[in-house]
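The structure appears right after this line, and notes come after that.
The values are calculated or read from the model by the stated rules, or taken from the named source; none is laboratory data. Note that the structure is a prediction, hence the values are computed from the model and not measured. Positions of Cβ are backbone-derived with ideal geometry, glycine not excepted, and every protein chain shown enters the neighbour counts. All accessible areas refer to the heavy atoms of the entire protein, side chains included, with ligands and DNA or RNA removed. Shrake-Rupley method; radii C 1.70, N 1.55, O 1.52, S 1.80 Å.
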Amino acid sequence: MKRNMLNRIRFIQCGILLSLLSLLGLSVHLALHRIFQVDEAQNLFMIRMLATHQSDLYFTNALLWMLGPMSWLVGTLTESVKIFDWARLLFLGVYLLNIVLLALNVGRKMMSYPGLLALFGAATLAPLWDYGFEVRHDNLILTGLLLMWWLGRVSPLGRWSYFGLGFLSILMPFVSFKAIAYSAPLSLVFLLFPPPGHKVHQSILVKTWILGTIASAAAVVMAYQFSSAGPVFLAGIKAGLTSGTNVIRFDPIIALDRLPLQIPLIEGLAVLAVAWVLIKVLSDQKEAFTWDGLLPEALLCLGSFALLLINPTPYPYNLVNLVPFAYLLAFRFAAPFVEFKYENHQFQTRLLGLMFFLHITPFILAMPRHLEYTNDRQKILIQTAEAMTDPRMDRVYDAVGMLPTRASIGFNWYNHSLNRAAFANGTIPSVSAMLTEHPASVIIRSYRTEMMSNSDKEFIRTHYIAIADDFWVLGRTLALGGGDYTVSHSGRYMVQQFDRGRFLPLRDALMAGKPISEEPIELNLGTVQIQCAPNVQPAVVWIGPSLKTLPVLGKGNHSNLFRNFY
């Protein structure tokens, strides 16, 4: 019987290891090919502005994670697609680290049977596959919180643990200001109620924690001094606090309604665990308030849930800092039933199989969505926009920051719910005003550009021409037989015949009385007059510094370029 049990465990361990290798390969593929999110583009554009010392020209934040390696990486590369790819791979490393930390926090040895179960369960949490390897600070907040929990709760090392807790407590708000809502209560709990495993007097732990905060503060000051990004950080915090007063509040259901579909088992076990803890607290009262048992994980999970509820913008990516703690609670609650510690091994095998089915099936059902929404279209538009612009002379506008290698049109280069009111009431210049002062050669449309006012949209329709629904360039169609065109930005254009949505070669046309070449021509600021046959509609179209023909991009659909609430 014992040999059969050991063989069964070894079989499960081998299956888990093979599955983890497959998941690793899949995660690399998705990191490079899954659709980019607007927050990622916005973050990378801001990092580029910091790296190239343009934060006075374009709004940016100077969060700590945007400095150092990220700043060097984004500032060094000259192609936007490579910036996205390398940044995704860097954050894939963060994602993998978080999975390992999550498995370690269940309190089992990593390569043991329960440790591998914990690792597999963590690696198949569907919400983390939605956002876990994206270039966003929420994933770094999770790293800090998991480290704090491991140092304070799971692997108590006395002074060293509390030095680390103090260091992280100061560091995390500079990674993201909202991190203080997570790290401050956690530090306070560890200071007031030290877990007994640290085996050091509370006063010594507090002093060591203070030393950690001092060391962290010194490191932060040095980082901002070295990068000269301190004023930018303070300005970003001020702007965030100001815009926060005008934020439109959203219902947390936009995030929570996906949990029953993505992690029904974890959600159910977490609810049962909270109910069990509540019963224990009501029955045992004071004896229940210890670090033994499930109470710490239950409070961690409930605290994260409460923070999601009070968050004015509880977008689904906030699940990154809730689901892992629900998983810790659920695993600690359910693990004893499937660790083969009891005599009825057959029952435990069936129970494990049932739990595996309930957990892995929603994960598998969620996977086709990731494979369907690729970044192919985004990369094509990015590369085309770069081919049609000179990084020294030309600008690109997309209200998102898809091209960190190109200048945008003004300080308020992005559209967001945080600045929508400011655009509407005139606190900041309109998009049309910025385009008038600094014309963009290329405009990439998405749902973010649809946030513009009707007057801004009309301005674009009259000054730009669509090569595809999601890709517009300087130019416009003229009346039949020709007319005047005002050049707002010098550069290479093509004069084409526009016929039912198609661009065709224009023959026997004149500009200022001279024949117009079918090749790209240089146009300078001012007004040009174009004449052609009376039944022909000419179009002036920007083509940029190096292309010889207009790119073929297909119809495109600006509504599908990004996936809001992915």
Of the residues that make up region 213-223, is at least one open to solvent by 40 Å² or more (accessible area, probe 1.4 Å) and among the β-branched types (Val, Ile, Thr)? yes
I'm trying to understand the selection: among the residues of region 48-71, which are at positive phi and surrounded by 19 or more Cβ atoms within 10 Å (Cβ to Cβ)? none
Taking PHE411, is it over 20 Å from GLY554 (Cα atoms), open to solvent by 10 Å² or more (accessible area, probe 1.4 Å), in contact with a Leu (Cβ under 7 Å, 6 or more places away or on another chain) and not acidic (Asp, Glu)? yes
Selected residue (only one of LEU89, LEU73, LEU116, LEU97 is assigned to a helix (DSSP H, G or I) and either touching a Cys at 6+ places or on another chain (Cβ under 8 Å) or within 15 Å of LEU142 (Cβ to Cβ) (or both)): LEU97
On the basis of being touching a Gly at 6+ places or on another chain (Cβ under 7 Å), surrounded by fewer than 20 Cβ atoms within 10 Å (Cβ to Cβ) and touching a residue at least 12 places away in the same chain (Cβ under 8 Å), does PRO185 make the cut? yes
Restricting to region 119-167, name every residue that is of a type in the set (Ser, Thr, Tyr), part of a helix (DSSP H, G or I) and over 18 Å from the mean Cα position of the chain (by Cα). SER161, TYR162
The lone exception for LEU319 - which of (1) within 30 Å of THR436 (Cα to Cα); (2) open to solvent by less than 10 Å² (accessible area, probe 1.4 Å); (3) in contact with a helix residue (DSSP H, G or I) (Cβ under 6 Å, 6 or more places away or on another chain) it fails: (1)
Search result, residues across region 28-70 that are touching a strand residue (DSSP E or B) at 6+ places or on another chain (Cβ under 7 Å) and in a loop (DSSP other than H, G, I, E, B): ILE35
Any idea how many residues of region 178-190 are in contact with a helix residue (DSSP H, G or I) (Cβ under 6 Å, 6 or more places away or on another chain) and not small (Gly, Ala, Ser)? 4
Within region 279-298, can you find the residues that are touching a residue at least 12 places away in the same chain (Cβ under 8 Å) and either over 25 Å from ASP130 (Cα atoms) or surrounded by fewer than 19 Cβ atoms within 10 Å (Cβ to Cβ) (or both)? LYS280, VAL281, TRP291, GLY293, LEU294, LEU295, PRO296
Name, by its number, the condition in (1) loosely packed, with under 15 Cβ neighbours inside 10 Å; (2) not in a helix (DSSP H, G or I) that does not hold for ILE204. (2)
Please indicate, with yes or no, whether at least one residue in region 95-112 is without any contact (Cβ under 8 Å) to a residue 40 or more places away in the chain, open to solvent by 30 Å² or more (accessible area, probe 1.4 Å) and closer than 21 Å to ASP398 by Cα. no
